[in-house]
Amino acid sequence: MQSFIARHEDKIKGVLSGWDRIRFRGTLRFIANTHGLMNFLWLMRILLKDFKDTVLQWTDTIRATTLQLAEQARRPVIYLASSAERKEERARAIAAADRVEQGLICVLTCVEPCQTFTVGPNAQTKRLELRPFTGKCLHQYFYVQHPILGFMHVRLQTWLPFTVHVCLNGREWLARQMDRSGLGYVQQDNCFTDLAEGVRAQRLLTGQLRTDWERLLNGLVKRFHPGHARLFAEQPLPYYWSADETEWATDVLFRTPASLAELYPRLVRHGIQAFNCHDVLRFLGRRAHLSGPCRIQSDLKTRVEGMRLKHQVNRNALKMYDKQAVVLRIETTINDPRDLKVYRAKENDPDGPKSWQRLRKGVADMHRRAQVSQAANARYLEALATVEDRQPLGEASKALCQPTTWHGERRRALNPLNPEDARLLEAVNRGEFALQGFRNRDLRLLLFGTGADAATARRQSAKVTRLIRLLRAHGLVQKIATTHRYQIKENARPTIVALLTARQADTKKLSDLAA
């Protein structure tokens with residue numbers, strides 16, 4: 001993303017990249033499925049006919065320990081009649097009214113859907129059986145001003161299998177870190193509009209990647225779910241921690257609201273008009289021809305905090321916001337990590353050879369999530385660097401429209417308005433080629449299609465070779481060392497994008513701009 005920062009250096013006062021919102025899920029994997037739960041009931045000598053009464057006792061134990069915890073902290077337990085009520089706003093209002101600066105703020109409870117189990121008769125076997133069941137039960141939300149993590153909450157399902165969610169924010173965490181380090185800052189909502197020492201703040205935010213997540217999350221369970229240790233004292237069941245949703249944000253801090261207000265509409269227009277499906281896949285580190293079936297969409301919405309542009313691939317997304325008038329936020333949200341890759345050994349062979357495997361939801365791959373997310377943000381900002389290139393298009397394309405010499409041979413001029421040359425520029429500028437580059441065969445298929453016989457394919461391949469040499473002669477592409485691949489030079493990409501964009505503009509728009 002250095003091109004974007006360099007282009008707008010006079011308007012930018014800092015960049016901050018790190019975790020934003022993270023939602024962890026704690027699962028008792030042994031009893032989270034019918035087979036494991038049946039084994040656990042057998043170990044505990046609990047009959048299926050006694051299942052409901054036993055589970056009700058467990059739920060009563062959890063509720064009692066929660067009441068005891070709240071009474072000790074002298075904090076309220078409030079039942080919400082509707083699960084749609086905005087719990088965070090309610091908790092923040094209570095914290096402000098009661099001046100809670102550290103510790104438990106309140107416990108909010110409400111009935112919400114859950115995945116659980118039930119026991120019923122099997123008509124064929126004439127015996128009771130354990131079944132998975134989608135129902136509703138009471139959930140408890142522990143809102144906390146944590147001394148290290150800042151404002152956060154723990155959500156506890158009070159019915160079997162007692163799933164726990166922990167939701168925290170990396171920016172809240174960073175604020176506490178900067179408080180302890182004596183660093184000045186201005187925080188609005190979940191972003192910083194000013195930083196006294198941006199480099200040290202980034203170092204603190206990056207340090208969050210070294211967190212022992214399992215130890216941290218287990219400590220929160222021990223603090224706010226003491227009933228767990230009581231219920232499973234005889235047969236201890238540890239929580240397995242996974243990341244249900246992670247948001248990694250790159251905030252570009254502008255010096256003045258006017259600077260961002262002038263630029264942002266152009267960025268949004270470019271993002272919604274110029275970025276296609278291949279570009280979106282490239283931003284998220286996926287190659288189009290290897291991605292398989294996927295659902296890709298882009299949408300633009302205006303919200304209270306600003307205008308938001310969102311590109312979504314299946315359940316993962318890349319978003320752009322203007323926040324608090326001076327912050328340009330690029331954010332990668334990962335809900336389904338299986339679409340992404342990590343270089344590791346197989347789980348059933350940890351000492352075996354490493355290869356590219358699916359990214360796991362478990363906290364073991366949190367560092368890789370951060371790498372993938374930061375790379376996506378950087379690619380997106382790099383693509384936006386072509387917006388508002390103040391060099392006149394005629395000057396940028398002047399050399400391309402003149403014959404040139406390459407390796408002692410004369411090469412013809414390029415004509416961006418010629419359909420064949422335009423198709424060539426569109427082909428090499430495709431998003432999937434930005435990661436791995438393109439080969440002769442890739443361009444041949446795009447320019448000539450499939451179905452050619454062997455002799456025709458050879459002639460087409462020879463023509464593509466000449467076209468690649470033409471692009472190299474004009475300084476638009478370069479060969480990737482030790483491969484048969486080529487890629488666009490970074491300093492040439494803005495020119496190509498500008499030429500292709502100009503081809504799509506109607507004469508009225510061009511006339512207005514010229515005026």
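The values are calculated or read from the model by the stated rules, or taken from the named source; none is laboratory data. Keep in mind that what you see is a predicted model, and the values were worked out from it rather than measured. When we count neighbours, we look across all protein chains shown, and the Cβ atoms used for this are built from the backbone with ideal geometry, even at glycine.
Confirm whether VAL327 is touching a strand residue (DSSP E or B) at 6+ places or on another chain (Cβ under 6 Å) and within 28 Å of ILE488 (Cβ to Cβ).
Working: touching a strand residue (DSSP E or B) at 6+ places or on another chain (Cβ under 6 Å): yes; within 28 Å of ILE488 (Cβ to Cβ): no.
Spelling it out, it is not the case that VAL327 is touching a strand residue (DSSP E or B) at 6+ places or on another chain (Cβ under 6 Å) and within 28 Å of ILE488 (Cβ to Cβ).
Among (1) surrounded by 14 or more Cβ atoms within 10 Å (Cβ to Cβ); (2) under 13 Å from THR118 (Cα atoms), where does LYS52 come up short?
Checking LYS52 against (1) surrounded by 14 or more Cβ atoms within 10 Å (Cβ to Cβ); (2) under 13 Å from THR118 (Cα atoms), the one that fails is (1).
Can you name every one of the helices (runs of 4 or more DSSP H) wholly within region 352-434 that holds 3 or more residues which are out of contact with any His (no Cβ under 7 Å at 6 or more places or on another chain) and at pLDDT 85 or above? Before the answer, list the steps.
Values: elements: 366-384, 393-398, 419-428.
Answer list for region 352-434: 366-384, 419-428.
Here is a list of conditions, (1) crowded, with 17+ Cβ neighbours inside 10 Å; (2) over 30 Å from the mean Cα position of the chain (by Cα); (3) touching a residue at least 60 places away in the same chain (Cβ under 8 Å), and PRO132 meets all of them except one; can you say which number that is?
The one condition PRO132 does not meet is (1).
Here are the criteria: (1) among the basic types (Lys, Arg); (2) modelled with pLDDT of 85 or more; (3) in contact with a strand residue (DSSP E or B) (Cβ under 7 Å, 6 or more places away or on another chain). Tell me which single one LYS489 does not satisfy.
(2)
Going by what's in this entry, would GLN202 be described as without any contact (Cβ under 8 Å) to a residue 60 or more places away in the chain and under 20 Å from ILE12 (Cα atoms)?
Working: without any contact (Cβ under 8 Å) to a residue 60 or more places away in the chain: no; under 20 Å from ILE12 (Cα atoms): yes.
No: the conditions fail for GLN202.
Filter region 248-282 for residues that are hydrophobic (A, V, I, L, M, F, W, C) and at pLDDT below 85; which is farthest from GLY14 (Cα to Cα)? Show your work before the answer.
Of region 248-282, the ones hydrophobic (A, V, I, L, M, F, W, C) are 248-249, 252-254, 258, 260-261, 263, 267-268, 272, 274-275, 277, 280-281.
Add one more test, that the residue is at pLDDT below 85, and what stays is 272, 274-275, 277, 280-281.
On the way: ILE272: 26, ALA274: 27, PHE275: 26, CYS277: 31, VAL280: 26, LEU281: 28 Å.
Per the stated criteria, the residue is CYS277.
Please state which one of ILE148, ILE105 is buried (at least 20 other Cβ atoms within 10 Å of the Cβ) and of a type in the set (Val, Ile, Thr). Full working, then the answer.
On the way: ILE148 fails: buried (at least 20 other Cβ atoms within 10 Å of the Cβ).
The match here is ILE105.
Only one of these conditions is not met by HIS228: (1) more than 30 Å from LEU41 (Cβ to Cβ); (2) at pLDDT below 95. Which number is it?
Single failed check for HIS228: (1).
All but one of (1) closer than 26 Å to THR405 by Cβ; (2) in contact (Cβ under 8 Å) with a residue 24 or more places away in the chain hold for GLN478; which doesn't?
(2)
Given the criteria modelled with pLDDT of 85 or more, assigned by TED's automatic domain parsing to the domain that holds GLY437 and at negative phi, does ALA473 qualify? Give the derivation first.
Working: modelled with pLDDT of 85 or more: yes; assigned by TED's automatic domain parsing to the domain that holds GLY437: yes; at negative phi: yes.
Yes; evaluated as a whole, the condition is true for this residue.
Just give me the residues in region 80-93 being closer than 22 Å to TRP159 by Cα, of a type outside the set (A, V, I, L, M) and loosely packed, with under 11 Cβ neighbours inside 10 Å, in sequence order. Give the derivation first.
Of the residues in region 80-93, the ones closer than 22 Å to TRP159 by Cα are 80-85, 87.
Those left that are additionally of a type outside the set (A, V, I, L, M): 82-83, 85, 87.
SER82 - this is the single residue of region 80-93 that is closer than 22 Å to TRP159 by Cα, of a type outside the set (A, V, I, L, M) and loosely packed, with under 11 Cβ neighbours inside 10 Å.
If you check every pair at least six apart or on different chains, which have Cβ atoms under 8 Å apart with a residue in region 251-266 that is under 18 Å from SER17 (Cα atoms) first and a residue that is among the basic types (Lys, Arg) and surrounded by fewer than 13 Cβ atoms within 10 Å (Cβ to Cβ) second?
If the second residue must be among the basic types (Lys, Arg) and surrounded by fewer than 13 Cβ atoms within 10 Å (Cβ to Cβ), no pairs are left.
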